[in-house]
Amino acid sequence: MIRKLLLFTAFAGIMAAQEWPWGPGSMNFQSARSAAREDADYQDGLRALDEHRWDRAIEAFKAAAARNRADSDAALYWAAYAENRAGRREEALAAVAAIRSLYPSSRWLKDADALEVEIRGQTGAPPNPNAQADEELKLLALNSLMQSDPDQAVPILQKLLKSNASEKVKDRALFVLMQSSSPAAVTTLNQIAHDSSDPALQRKAVRYMGMMGNAQARNDMVSIYKSSSDVQLKRDILHSLMQSGSRDFLLEVAKTEQNPELRRDAIRQLSIAGGQDQLRQLYNSVSSVDDKKTILNSLAMHSGDADWLEQVFKTDKNPEIRRAVLNALFIQHNGKALVDLARNEKDPKWKEEIVQRMSLVHSKEVTDYMLELLK
């Protein structure tokens, strides 16, 4: 319940796919409502939570917990939850301790642990991550510590990243680093991105550097790209540079990279980054037919390039290039451009090929042209 709220705050959209419990709007909450329907106090507490009437919720849940029913541990948890929301943090911590003492096998224990992490972070006395055995709770504690004392958190994160912790935990640790503007955190992330001893972790660090979107991160990624021979890492860097909007280096790679697959990947990433103008200019300077086809295919996603694509079809007599143009216009569902090409095409075989493409495009222009052919 509160645990997912905490994780969402700490780890943003990255954690949205996890199936942790939520707060008062969740399926867990609705299930609790159904299971406790016969308990008027419990029901009153749930309604008060919905309405953010914390004092009333505390009173109702404590009354429900005092009956020593099967759901008393849940009632006690929600009392602690409401006390925290009401600013009564010491009382909330006492309720959490009571859950551990009275209900050592409760399914609410992890939620209570997560609530304690949040409370202690709010009081200015964040928990010691080394005291948290559960990996998820440890990361919650680290995130809290990063917010209040980055200098203390970064060395712990560095140690965690060098440990035998799971890839999932290391990934989240990198995310915590990425969220921080602390110079130590930025330096640590950069060091991991340069370290090839753990390729999987290195690629994840590069991905997070792309999310940072600042000039220093882009420069660091360019440096790593130029010094690395790892093709997969280079592809990840190209993707991260696209995310951060680094068109200049993507264009440089598209022009000069010796590996054809990386060169074409740079072309695709440049298109996604909005570099249509650069790609049109690049088209006139490349000699590789495959590179030209990649440029045409990449520009297919931009309907504003239809006039330019038509011009390429009219001036370039290479069959592969011409078919790539037709495919691009077909992907755009640009019936008007296809009709224009068909009207101006003198070669019957090419005209037939154009008509074949447009027959799968539904537009007024295509319909009118097909009617003309039938006359």
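Count charges around Tyr283 for me, please; just the other residues with Cβ under 15 Å from its Cβ, Lys/Arg as +1, Asp/Glu as -1.
Combined, the nearby Lys, Arg, Asp and Glu give +1.
Within 11 Å, Cβ to Cβ, of Ser240, how many net charges do the neighbouring residues add up to if Lys/Arg are +1 and Asp/Glu are -1?
Net charge around Ser240: +4.
To make sure I understand the rule: partners must be aspartates and glutamates, Cα under 19 Å from the Cα of Lys162, and not fewer than 8 residues away in the same chain. Which ones qualify?
Reachable aspartates and glutamates: Asp134, Glu135, Glu136, Asp151, Asp171, Asp195, Asp198.
Ignoring solvent entirely, what values of log10 I(q)/I(0) come out of the Debye formula for region 300-375 at 0.16 Å⁻¹ when each Cα is a single scatterer?
-0.50
Is the shape of the chain rounded, prolate or oblate, going by the alpha carbon gyration tensor and its root eigenvalues a ≥ b ≥ c, with a/c under 1.5 for rounded and a/b larger than b/c for prolate?
oblate
Specify the angular offset, from 0 to 90 degrees and rounded to the nearest 10, of the alpha carbon long axis of helix 260-272 from the longest principal axis of the alpha carbons in the chain.
Helix 260-272 and the main axis of the chain meet at about 70 degrees.
Can you put Thr294, Thr187 in order, fewest other beta carbons within 10 Å first?
Arranged by neighbour count, lowest to highest, Thr294, Thr187 become Thr187, Thr294.
Between Ser229 and Lys351, what is the label-to-label distance in nm when each label sits 7 Å out along the Cα-to-Cβ direction?
5.7 nm
Please list, in order along region 322-329, the HN-Hα scalar couplings obtained from phi with the Karplus expression 6.51 cos²θ - 1.76 cosθ + 1.60 (θ = phi - 60°), rounded to whole Hz, x for Gly and Pro.
Per residue, the Karplus-derived 3J(HN,Hα) values read 4, 5, 5, 5, 4, 4, 5, 5 Hz.
Listed here are the pairs Lys204/Lys255; Lys234/Lys317; Lys293/Lys336; which of them are more than 32 Å apart at the Cα?
The pairs that break the limit, which is 32 Å between Cα atoms, are Lys234/Lys317.
Helix 135-148: angle to the longest alpha-carbon principal axis of the chain, degrees 0 to 90, nearest 10?
That helix lies at roughly 90 degrees to the long axis.
May I ask for the angle, rounded to the nearest 10°, between helix 72-85 and the longest principal axis of the chain, with both axes built from Cα atoms and the value confined to 0 to 90°?
It works out to around 70 degrees.
Kindly provide the helix-only [θ] at 222 nm of the chain, computed as the sum of -39,500 (n - 2.57) over DSSP H runs of four or more divided by all residues, to the nearest 500 deg cm²/dmol?
Only helices count here, giving -22500 deg cm²/dmol.
Only the coordinates and a few stated rules stand behind these numbers; no lab work does. Just so you know, these numbers come straight off a predicted model, no measurement behind them. No Cβ is skipped: glycine too gets one built from the backbone with ideal geometry, and neighbour counts run over all protein chains shown.
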